[in-house]
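Chemist: Here you go, one structure.
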Amino acid sequence: MARRRFRLVPQRTTVGTAVEDAQTEAEELRGEAQEWLDGVPENLQQGDVAQRLEECISVMEGIDLEIEVPEAAAGEKVGPTSWFATRRVCPGPF
């Protein structure tokens, strides 16, 4: 089974872009959790996994993702590295 592998790559960005990227990632994560929950078979919807997904979605919906970055800070450079996923097979359980 292929697992995601994360590696460090050089990348520079601004504070404003980093905040926008984090907001997008959080929204996508909530959407993925909702898709998983919607895909749970009816006979398992009352199970532990479905309940945990519901709790997770509820918590994520309660988080205010509208973060306003002050204009003075929005253009500040941050970095120099970030993590991203690759689709390589990882040996072992990590």
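Chemist: Cβ contacts < 8 Å: first residue of a type in the set (Val, Ile, Thr), restricted to segment 16-44; second residue not in a helix (DSSP H, G or I), any location; separation 6+ or different chain. Result?
Modeler: VAL19/ILE67; VAL19/VAL69; VAL40/GLY47
Chemist: Ok, one more. LEU53 - would you say it is surrounded by 14 or more Cβ atoms within 10 Å (Cβ to Cβ) and farther than 30 Å from GLY16 by Cβ?
Modeler: For LEU53, the condition - surrounded by 14 or more Cβ atoms within 10 Å (Cβ to Cβ) and farther than 30 Å from GLY16 by Cβ - is met.
Chemist: From the residues in segment 14-73 that are assigned to a loop (DSSP other than H, G, I, E, B) and of a type in the set (S, T, N, Q), which one is farthest from the chain's Cα centre (by Cα)?
Modeler: GLN46
Chemist: Looking at (1) closer than 21 Å to ALA33 by Cα; (2) at pLDDT below 60; (3) surrounded by 12 or more Cβ atoms within 10 Å (Cβ to Cβ), which one does ALA85 not meet, given that it meets all the others?
Modeler: (3)
The values are calculated or read from the model by the stated rules, or taken from the named source; none is laboratory data. The structure displayed is predicted, hence computed values, not measured ones. In this analysis, Cβ positions are derived from the backbone assuming ideal geometry, glycine residues included, and neighbour counts consider all displayed protein chains.
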